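Undergrad: Quick one: the structure is below, questions incoming.
The values are calculated or read from the model by the stated rules, or taken from the named source; none is laboratory data. Only a predicted model underlies this, so the values are computations on that prediction, with no experimental measurement involved. Here the Cβ is made from the backbone with ideal geometry for all residues, glycine too, and neighbour counts use every protein chain on show. SASA here: full protein model, heavy atoms, side chains in, ligands and nucleic acids out. Shrake-Rupley method; radii C 1.70, N 1.55, O 1.52, S 1.80 Å.
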Amino acid sequence: MAEPSQNRSPNTSLKNSRNHSSTRQSLQARATSLAISGTGIAIIAVVIGTILAGYFQFGDFSIASAIKAQQQNFVLWILDAMPFIFSFWGQRMSTMVAREADAIVSDQTEVLRAKAKAMEKRAAHSTAHDALTGLPNRIELNSLLLHGIEQSRHRAEKFALLVISIDRFKEINRTLGHSEGDQVLRQMVERLQQVAQYPMSLARVGGDEFAIIVPNIDDQKDVQTLVRRIKDTLHRPFTSGEFPLAIQVSIGAALYPDQGEEAELLTLYADLAMRSAKTSNDRFAFFDSTMAKPDTRQLKMVGELRKALENNLFTLHFQPKVQAQSRQLVSVEALTRWFHPELNQVPPEEFIPLTERTGLINELTYWVLYETLRQCAEWKNEYQRIIKVAINLSSQTLLDPELPDRVSAYLAIHNISANQLAVEVTETVIMADAARCLQVLNALTELGVEVSIDDFGTGYSSLAYLKQLPASEIKIDRSFVRDILTSDSDATIVRATIQLAHNFGLQVVAEGVESEDIAQQLQKWGCDILQGYHLARPLDPVELMAWLGKHETTHQAAFTAP
Ligand code: C2E
Ligand code: CA
Ligand code: CA
């Protein structure tokens, strides 16, 4: 896929050494030119000294008296030596300066190089690891799986992928609080690490989910033995504050190559097995094909998502958001489209969750970001239109420490100003790890990127809480907007939300506006921005330009009409 390059030049070290040698040469040249000037001054001093000495000794300014003075006056002999001393000293100085410059420059380069390496290492580690537990995250698990597959294929071995989920973890979080929940997770990791030792790999793949890759197994019995050991080690109660806490887990397993030969498929199979384990007596299940049969469509998609990314098969549509009163375009929201050769158009509501579960979401989002900004640049250059854009962010991407750097790099590549970009984040995503989200959102707003809270109303969080976020806009979920004319409770919710959001200084977008009646009602309630099929459907980039041309004429006509 047209994934942008990292802008990291392979010629950096070559350039460094070129810079380095040119600095050295220019210092050396300056020392040499100082020495030449010194020698010149010394020669002039010799000439003047000789003429003056001739005058004082023999009474005239002739060449003859100057020659005589040179022959007889031994002070002049010392003066004569000066140009030689200067040129010799100059040569030495220039060599010494060059050597010192060499030493300083290479010393600094070493320090800088060491610093850059350490930073790179830290960045790579935090992208691949979970902040709470330090374990590899889902994205890293995917790389580990790809590596495991290659190795096992080469050695003709089997391996197992286990997915472990803590039962009723949300309840623990809700009743005991997030910090107790984190405590339980840390204890969980300690215990799992005792069992899943090298060459096994342990990863945290979700809030309450872990995965273990178990290399080189003979058959299912090996896996069952390991599962028994895991259950034994978790049997001892956990501690939450002073209280003991019983923790139960459900475990699913999938085997390579017997059950799947691709990383994404194995992840999905182990996941399905874990879900089925939740309802079984011993809370453990191997994947079997009956679990996957009902959803062959999903399996087909998982197998092909990576290929679609690599072959650039995703496209973007853009849905306008318009000012409620004037109906002028405010911005557009980028929505991803995937046309599958057999399944035809696959809705994002189907494939986005799959990319999230298989660790492909960051790659997809960075493609969306890059492509959206590229499109903005094209609109600007070819149509002279500056259009504000918003992209949707999933939680994994929001928690990726690389995100702010990528955003600023891609903005720079396409020469797009940061205030032309917004990110839409759902409130449930933010609630999952509010502290870390806040850090990233702050970093984005510092760049100048706007933050919008998507699907507002579906996550049960209060506006007072969300006010602490650096957001400038909320989008009322379309499930409330749809029924404002028929449901009193939805009407009350939407109306109150608009007022409250305004009190907090937030702009309000109503999404899913499907009729003029709804649009006018929202307009009356003071809603700022409208989005929905009634205003415009998501459009491809060329359709958007056509829509804009037509839309502007209609609305300008409406405006200028008496
Ligand atoms: P969303 O962010 O709430 O996007 C709005 C969805 O509502 C879009 O569906 C849009 O086509 C649809 N919509 C717009 N106006 C109306 C209307 O008047 N009535 C109705 N019934 N629907 C309307 P779409 O494109 O199928 O996207 C669905 C969801 O998929 C999005 O919901 C978003 O959560 C997710 N999504 C799409 N593209 C991306 C992406 O690039 N990254 C991420 N993370 N999520 C994406
Ligand atoms: Ca959205
Ligand atoms: Ca939405």
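Undergrad: Within the stretch 414-433, identify whether any single residue is farther than 30 Å from F480 by Cα, within 16 Å of the chain's Cα centre (by Cα), more than 16 Å from ligand 2 (Cβ to nearest atom) and not aliphatic (A, V, I, L, M), and answer yes or no.
TA: no
Undergrad: Follow-up. Would you call A390 of a type in the set (G, A, S), in contact with a Phe, Trp or Tyr (Cβ under 9 Å, 6 or more places away or on another chain) and within 16 Å of ligand 3 (Cβ to nearest atom)?
TA: The answer is no for A390.
Undergrad: Moving on. Being open to solvent by less than 10 Å² (accessible area, probe 1.4 Å), touching a Ser or Thr at 6+ places or on another chain (Cβ under 7 Å), within 15 Å of ligand 2 (Cβ to nearest atom) and modelled with pLDDT of 95 or more, is that true of even one residue in the stretch 444-451?
TA: Yes, because at least one residue in the stretch 444-451 is open to solvent by less than 10 Å² (accessible area, probe 1.4 Å), touching a Ser or Thr at 6+ places or on another chain (Cβ under 7 Å), within 15 Å of ligand 2 (Cβ to nearest atom) and modelled with pLDDT of 95 or more.
Okay, residues lined up against (1) open to solvent by 70 Å² or more (accessible area, probe 1.4 Å); (2) under 18 Å from R138 (Cα atoms):
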site	(1), (2)
A211	no, yes
R228	yes, no
F238	no, no
P244	yes, no
I251	no, yes
Y269	no, yes
M274	no, yes
A285	no, no
V302	no, yes
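Undergrad: Could you please find all residues in the stretch 511-538 being in contact with a Leu (Cβ under 8 Å, 6 or more places away or on another chain), more than 10 Å from ligand 1 (Cβ to nearest atom) and open to solvent by less than 10 Å² (accessible area, probe 1.4 Å)?
TA: A519, L522
Undergrad: So, one more: Taking the residues in the stretch 390-424 that are within 9 Å of ligand 1 (Cβ to nearest atom) and of a type in the set (V, I, T) as candidates, determine which candidate is farthest from W379 (Cα to Cα).
TA: Step by step, filter the stretch 390-424, then rank; the result is T397.
Undergrad: Oh, and also: Can you tell me how many residues within the stretch 320-362 are touching a residue at least 12 places away in the same chain (Cβ under 8 Å), more than 20 Å from the chain's Cα centre (by Cα) and open to solvent by 20 Å² or more (accessible area, probe 1.4 Å)?
TA: Adding up the residues that qualify gives 13.
Undergrad: For the stretch 453-482, name all the residues that are within 12 Å of ligand 1 (Cβ to nearest atom), among the charged types (D, E, K, R) and open to solvent by 20 Å² or more (accessible area, probe 1.4 Å).
TA: D455, R478, R482
Undergrad: For the stretch 458-487, what are the residues that are within 10 Å of ligand 3 (Cβ to nearest atom), part of a loop (DSSP other than H, G, I, E, B) and over 12 Å from V509 (Cβ atoms)?
TA: T458
Undergrad: Still on this structure, please answer the following. Please count how many residues of the stretch 485-498 are within 15 Å of L463 (Cβ to Cβ) and surrounded by 13 or more Cβ atoms within 10 Å (Cβ to Cβ).
TA: 5
Undergrad: Out of everything in the stretch 372-393 that is of a type in the set (S, T, N, Q) and touching a strand residue (DSSP E or B) at 6+ places or on another chain (Cβ under 9 Å), what residue ends up being farthest from ligand 2 (Cβ to nearest atom)?
TA: Q375
Undergrad: From the list A443, A418, A422, A432, pick out the single residue that is within 16 Å of ligand 3 (Cβ to nearest atom) and either on the phi < 0 side of the Ramachandran plot or without any contact (Cβ under 8 Å) to a residue 40 or more places away in the chain (or both).
TA: Just one listed residue meets the conditions, A422.
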